[in-house]
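Below: the structure, in structure tokens.
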Amino acid sequence: MPKRILQGTVTSNQNEQTVTVSVERRFTHPVLKKTIRKSKKYRAHDDKNAFNVGDKVRIIECAPKSKTKRWEVLAD
């Protein structure tokens, strides 16, 4: 099964080797036919502490690194 890759914006980098990434998705409401924006936050592993708040990053699924981290930042 392929690993999912998501794109989002870093919203927090206060923890060591961890960034919080907000991923936004857009879809059309099935009844109202109106475009809706929903966002979700993911905690991702950043081993070099290279990313700051506001950076656009891509994250990929991985084996669990901790209780909340199941994603890691792709180095571009």
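Phi-derived couplings, Karplus 6.51 cos²θ - 1.76 cosθ + 1.60 at θ = phi - 60°, listed residue by residue for region 54-61: x, 6, 8, 9, 10, 10, 10, 5 Hz, with x used for Gly and Pro.
Work through the residues other than residue 18 whose Cβ is under 15 Å from its Cβ and net out their charges, Lys, Arg +1 and Asp, Glu -1. Residues near residue 18 contribute +2 overall. When only Cα pairs below 8 angstrom with a gap of at least 6 residues are kept, the chain shows a relative contact order of 33 percent. Charge tally for residue 63 (other residues, Cβ to Cβ under 15 Å; Lys, Arg +1; Asp, Glu -1): +4.
Residue 72 sits among other residues whose Cβ lies under 11 Å from its own Cβ, and their net charge, with Lys and Arg +1 and Asp and Glu -1, is +3.
Pairs from the list 33/69; 34/67; 38/69; 34/56 with a Cα-Cα gap above 29 Å: 33/69; 34/67. Dipole magnitude for the chain: about 600 debye, using +1 per Lys or Arg Cβ and -1 per Asp or Glu Cβ, origin at the Cα centre.
When the chain is described by a simple charge dipole with +1 on each Lys and Arg Cβ and -1 on each Asp and Glu Cβ, the residue from 17, 50, 32 located farthest towards its positive end is 32. Summed over the residues of the chain and divided among them, the accessible surface reaches 77 Å² per residue at a probe radius of 1.4 Å. Of the labelled figures [x] 13.8, 45; [y] 11.6, 33; [z] 11.5, 37, only one reflects Rg and Dmax of the Cα atoms in Å as derived from the coordinates, namely [x].
Under a 5 Å amide H cut-off, with hydrogens placed 1.01 Å from N, residue 55 pairs with 10 among residues at least 5 apart or on other chains.
The share of accessible area on region 29-76 that comes from carbon and sulfur is 50 percent, using a 1.4 angstrom probe.
The values are calculated or read from the model by the stated rules, or taken from the named source; none is laboratory data. Note that the structure is a prediction, hence the values are computed from the model and not measured. Virtual Cβ from ideal backbone geometry, glycine too; neighbours counted across all protein chains shown. When the accessible area is computed, the model is the full protein with side chains, heavy atoms only, and any ligands, DNA or RNA have been set aside. Shrake-Rupley method; radii C 1.70, N 1.55, O 1.52, S 1.80 Å.
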